[in-house]
Amino acid sequence: MKVTMKIILCIAACLLSLNASAKCNQAEADKGIQPEMNTCAYEAYQAADKQLNILYKKRIVQLETHEKEVPGEFKPIIQKLKLAQTAWIKFKDADCEYEAFQYEGGSIQPLIKSSCLEDKTKKRIEDIKQMLIEH
């Protein structure tokens, strides 16, 4: 019995690692193959999230530079931006969980969630870009 359980756990771990290392095959996704569509949507979200993190850090550095020039004036702005970003992340995650929930257990659920996350992240990217321009 113990050997069987170890084999099952090993197989499960192998399958999970294969899924985690899956790469988007856009041609297959374009054919409507659901696992590929899910993978491509997730990768698109990850790319948008990476871009957002770069821009957010750039904005923080911009504000910190101003803080060095005018001590005390920009520190509250930095704190408020950090609070806003944390709140936005929580909202984004919760809202996309809500949006995907109606597809619970369906093969399309990961696509719905990843697409939602990507859309909201792209909107936030535009917000951060605007902050960088204005200040």
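Things to note:
- Among residues of region 70-85, those that are modelled with pLDDT of 95 or more and open to solvent by 90 Å² or more (accessible area, probe 1.4 Å), counted: 5
- Qualifying residue in region 104-116 (condition: surrounded by fewer than 11 Cβ atoms within 10 Å (Cβ to Cβ) and either modelled with pLDDT of 95 or more or under 27 Å from K23 (Cα atoms) (or both)): yes
- Filtering region 86-93 for residues that are part of a helix (DSSP H, G or I), under 22 Å from Q51 (Cβ atoms), at pLDDT 95 or above and of a type in the set (S, T, Y) leaves a non-empty set.
- Picking from residues in region 25-43 that are open to solvent by 80 Å² or more (accessible area, probe 1.4 Å) and over 15 Å from D119 (Cα atoms), the one that is farthest from the chain's Cα centre (by Cα) is K31.
- Test: Q46 is open to solvent by 30 Å² or more (accessible area, probe 1.4 Å), under 15 Å from R124 (Cα atoms), under 23 Å from the mean Cα position of the chain (by Cα) and touching a residue at least 60 places away in the same chain (Cβ under 8 Å): no
- Residues in region 109-135 that are more than 15 Å from Y45 (Cβ to Cβ) and touching a residue at least 40 places away in the same chain (Cβ under 8 Å): I128, K129, M131, L132, H135.
The values are calculated or read from the model by the stated rules, or taken from the named source; none is laboratory data. Predicted, not measured: the structure shown is a model, and the values here were computed from it. As a convention, Cβ positions derive from the backbone with ideal geometry for all residues, glycine included, and neighbour counts pool all protein chains shown. Accessible surface areas use protein heavy atoms only, side chains included; no ligands, DNA or RNA. Shrake-Rupley method; radii C 1.70, N 1.55, O 1.52, S 1.80 Å.
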